[in-house]
1. Cβ-Cβ under 7 Å, sequence separation 6+ or interchain: first residue in the stretch 88-111 and at positive phi and touching a residue at least 12 places away in the same chain (Cβ under 8 Å), partner in a loop (DSSP other than H, G, I, E, B) and surrounded by fewer than 19 Cβ atoms within 10 Å (Cβ to Cβ). Which pairs?
2. Please verify whether residue 36 is in contact (Cβ under 8 Å) with a residue 60 or more places away in the chain, touching a strand residue (DSSP E or B) at 6+ places or on another chain (Cβ under 8 Å) and closer than 17 Å to residue 2 by Cβ, treating the condition exactly as stated.
3. Pairs, please: C-beta under 7 Å, at least 6 apart or cross-chain, first residue closer than 21 Å to residue 46 by Cβ and in the stretch 1-29, second assigned to a loop (DSSP other than H, G, I, E, B) and modelled with pLDDT under 95?
4. Of all residues being surrounded by 14 or more Cβ atoms within 10 Å (Cβ to Cβ) and modelled with pLDDT under 95 in the stretch 88-113, which is farthest from residue 75 (Cα to Cα)? Just the residue, please.
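The values are calculated or read from the model by the stated rules, or taken from the named source; none is laboratory data. Quick caveat, the model's predicted, so the values are computed rather than measured. Please note: Cβ atoms are built from the backbone with ideal geometry, for glycine as well, and neighbour counts cover all protein chains shown.
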């Protein structure tokens, strides 16, 4: 059982922001910015690709609303939404979760390096991905 499953079950306390039948949102206890919030589906899935359409839709319905509340409460006007899947993608808790991370200034919040590459096989890759839908 993950720490998020224990929080959802009420076994570990949290600073709750939002809860409905499918989603729980609470403050991160190790924030990288004031207001850093976690949005977690109650369905136990380790990565986004394993999450049901219903749970995904429930997250999608509330993520904008929770983001607006975080911005209003912190005074931030910009933010990142981060979601990692698997150890190579820096996932530490293997229960789907989204981070809402306010950017209060250029030094706060999430710093991102983006080592851009080249798209050499766009048509073939797009066709391969589309064929798997």
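1. Here the result reads 109/32, each pair linking the stretch 88-111 to a residue that is in a loop (DSSP other than H, G, I, E, B) and surrounded by fewer than 19 Cβ atoms within 10 Å (Cβ to Cβ).
2. no
3. From the stretch 1-29, no pairs qualify.
4. It comes out as 110.
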